[in-house]
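Worksheet: the structure to be examined is printed underneath.
Bear in mind these aren't lab numbers, they're just calculated from the coordinates by the rules spelled out. Just so you know, these numbers come straight off a predicted model, no measurement behind them. So basically every Cβ, Gly included, is an ideal-geometry build from the backbone, and we count neighbours across all protein chains shown.
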Amino acid sequence: MYIRPRRNRKTPAIRALISENTLSASDFIYPLFVHEGSEDQDIESMPGCKRWSLDGLLQEAGEAHALGIQAVVLFPAVGEKLKTPGAEESWNPDGLVPTAVRALKEAHPDLCVITDVALDPYNSDGHDGLVEEQADGSLEVLNDPTVLALCQQALCHAEAGADVVSPSDMMDGRVGAIRGELDDAGYQDVSILSYSAKYASAFYGPFRGALESAPKAGDKKTYQMDPANVREAIREVGLDEGEGADMIMVKPAGPYLDVISRVRETTVLPLAAYQVSGEYLMIESAAASGWVDGKAVALESLMGIKRAGADLILTYYAKRAAAWLK
Ligand code: PBG
């Protein structure tokens, strides 16, 4: 036997030399939930995550940054009273997100602050877009009026100092429209990270619990993608690239590694993947039951996403993983 692959695995040094992929803290984007309250709150549907107060947010982001995390993305838990059919709160300059962005940029100027652009946390219908009841009683999520609202939301985040805005709504044409809106207002340097291929996934359940943002009626299948499709992801990525996206995203990550890998071959843009709440909780709950080694499984799941072709990973493990990798 001349060929013995095990020679390349015989010591930790050789294994490190020939390792094809690495994980590091700067690969991670840390999703953080914020709320109006002055106390940090445990999230029932997402053990291990919190709805942060403003002070808690600054502290947590600072600790993550010190561990090498370069970016956070903010998700607001908006009070039920502020939710309207028109989602006007989403572009209130004194709202939760703009306030948090200003505070974060002041406390941690070098940390990249990303905001989520979509109407669901603000919309009394719980949809990512504006909802209109049709003559036959069915509900339609309107595309073009939603895009106008998203432009105002993105502009409001840019004015507050966001480095990157991240549309997660899956309306058609929103990347180009947001780019135009930002440029006209002088925010040429604010980047767009587009959720290009976002699937209509049951893995988002715990997140919707965290924000109490589940749709009141219907589902998201007329705008989020069918889990059966991969060619459609490539079409969406091509459109967003043409409309000026700086980075693109596939979401969820773990059950869609083939999509990440196919998209990787079709674009040279930086590619992010979102390890979503349901993926996180499957690992956490198995670990809490003592069925798996949570740290090892979490790191392996992240490496799998990296190996599939993602440059960046949005993950609730970001801070813990950064500490584990030290
Ligand atoms: C909504 C949004 C969702 C997530 C991020 N942004 C949920 C949804 O589309 O219903 C899910 C993230 C997660 O599950 O961790 N704009």
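What order, most packed first, do the peptides 281-291, 306-316, 202-212, 261-271 have when packing is the mean number of other Cβ atoms within 10 Å of each residue?
306-316, 202-212, 261-271, 281-291
Using only the alpha-carbon atoms, how far is helix 277-288 inclined from the longest principal axis of the chain? Give it as 0 to 90 degrees, nearest 10.
Value to nearest ten degrees: 50.
Dipole of region 1-143 (Lys/Arg Cβ +1, Asp/Glu Cβ -1, origin at the Cα centre): which of LEU82, PHE33, ASN21 lies farthest to the positive side?
With unit charges placed on the Cβ atoms, the residue in question is ASN21.
Got a sec? How would THR99, THR84 order by Cβ neighbour count within 10 Å, fewest to most?
Going from sparsest to densest Cβ surroundings: THR84, THR99.
How big is region 120-277 in terms of Cα radius of gyration and Dmax, in angstroms?
15.4, 45
With axes computed from alpha carbons, what is the tilt in degrees of helix 54-66 against the longest principal axis of the chain, rounded to the nearest 10 within 0 to 90?
Long axis of 54-66 versus the principal axis of the chain: about 30 degrees.
Whole number please: convex hull volume per residue of the Cα set in region 3-62, in Å³?
Convex hull volume per residue, Cα atoms: 141 Å³.
What translational D, rounded to a whole number of µm²/s, comes out for region 24-325 from Stokes-Einstein when the hydrodynamic radius is the Kirkwood one over Cα pairs, at 25 °C and 0.890 mPa s?
128
Please report, in debye to the nearest 20, how large the charge dipole of the chain is about its Cα centre when each Lys and Arg carries +1 at its beta carbon and each Asp and Glu carries -1 there.
So the magnitude is around 2320 debye.
Using a Gaussian network model of the chain with C-alpha springs under 10 Å, which one of ALA135, ALA71, ALA296 is most mobile by mean-square fluctuation?
Result for the chain, Cα springs under 10 Å: ALA135 fluctuates most.
Report, in debye and to the nearest 20, how large the dipole of region 11-158 comes out about its Cα centre when Lys and Arg carry +1 and Asp and Glu carry -1 on their Cβ.
Here region 11-158 has a charge dipole of around 640 debye.
Within 10 Å of each residue's Cβ, count the other Cβ atoms and sort ILE248, ILE234 from fewest upward.
ILE234, ILE248
Identify, among PRO227, LEU58, PRO145, the residue whose Cα sits farthest towards the positive end of the charge dipole of the chain, taking +1 on the Cβ of Lys and Arg and -1 on the Cβ of Asp and Glu, with the dipole about the Cα centre.
PRO227
Please get the size of the charge dipole for region 84-192, origin at its Cα centre, with Cβ charges of +1 on Lys and Arg and -1 on Asp and Glu, quoted in debye to the nearest 20.
In debye, rounded to 20, region 84-192 gives about 400.
So how long is each side of region 40-80 along the principal axes, counting just the alpha-carbon atoms, biggest first, in Å?
34, 19, 16
Under a straight-distance cross-link criterion of Cα-Cα below 22 Å, which lysines are reachable from LYS306, leaving out those fewer than 8 residues away in the same chain?
Partners found: LYS198, LYS251, LYS295, LYS319, LYS326.
Just to verify a number: FRET efficiency for SER138 and ALA16, C-beta to C-beta distance, R0 = 51 Å, to 0.05?
0.30
Tell me, what ³J(HN,Hα) does each residue in region 99-107 have, in order and in whole Hz, if you take phi through Karplus 6.51 cos²θ - 1.76 cosθ + 1.60 with θ = phi - 60° and put x for Gly and Pro?
Each residue of region 99-107 in turn: 5, 5, 4, 4, 5, 5, 5, 6, 6 Hz.
Quick one: PHE28, PHE33, fewest Cβ neighbours within 10 Å first, how do they rank?
Sorted ascending by nearby Cβ count, the order is PHE33, PHE28.
Where a Cα-Cα gap under 19 Å defines reach, which aspartates and glutamates qualify for LYS216, not counting those fewer than 8 residues away within the same chain?
Cross-link targets: GLU80, GLU88, GLU89, ASP120, ASP125, ASP128, GLU132, GLU133, ASP136, GLU140, ASP169.
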